[in-house]
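Colleague: Let me begin by handing over the structure; questions about it come next.
Values quoted throughout were computed directly from the atomic coordinates according to the rules given, and no laboratory measurement underlies them. Just so you know, these numbers come straight off a predicted model, no measurement behind them. Because the Cβ atoms are built from the backbone with ideal geometry, glycine has one as well, and the counts that use them run over all protein chains shown.
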Amino acid sequence: MRRLEQAARSYFAGTKYAGGGITAVDYHQAVPVVVTELERITADPAGAAGKVWRRLGRDEWQTLTEALDNPDGDRLHVVQREQARRRQKEREAAAREAQRPVCRRCGAKFTDDRWDSVRPYPAQQHRELCGLCLREHHEQAQAERAARLQAEEAAAGEAAEAEAKKNRGLFGRRR
């Protein structure tokens, strides 16, 4: 049986699944070679239905259905593929978080909405500010504009008053 196993290895041995980190073996294109000994069949109370079959490439004696089945490979492949997919998503999420911008003013990381709003516009002003700081910046700018406008109006009013006083003659009369 050992010589048969070594000679036929290329026919019954499975191939590794494609993809990184997967240790399962694909037996779909392999021919299952099952052997037994007549003494084992006659000695086992269940006969040929007992654990008297050995699939080449495996070390234990099994029932015929167990020897022909490949329960571990497919399930293991699915589990390992899901784990690899989950690890890949975690790596992508970590890489995304590492690239996430930080607010220049307060140091907080951008929210997804704020990041998505500034990403397509590289020339946008104040793209280094988070949403709260940007709102504060706009409120501050609006307050400064309002104060400047009020100061200009007050200055214009004072200038008009000064002009009116200048045009009056002696005893407050106009000339």
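Colleague: Taking θ = phi - 60°, what integer Hz values does the Karplus form 6.51 cos²θ - 1.76 cosθ + 1.60 yield along segment 81-86, in sequence order, with x for Gly and Pro?
Modeller: 5, 5, 5, 5, 5, 5
Colleague: Can you compute the FRET efficiency between THR111 and ARG81 using 1/(1 + (r/R0)^6), with r the Cβ-Cβ distance and R0 = 45 Å? Round to the nearest 0.05.
Modeller: Given R0 = 45 Å and the Cβ-Cβ separation, E is 0.85.
Colleague: Would you mind computing, in nm to one decimal, how far apart the modelled labels at ARG9 and ALA43 are, each placed 7 Å from Cα along Cα→Cβ?
Modeller: Each label point lies 7 Å from its Cα, and together they span 2.7 nm.
Colleague: Suppose the chain between LEU68 and ALA98 were pulled fully straight at 0.36 nm per residue; how much longer would it get relative to their current alpha carbon spacing?
Modeller: Roughly 5.9 nm would be gained on extension.
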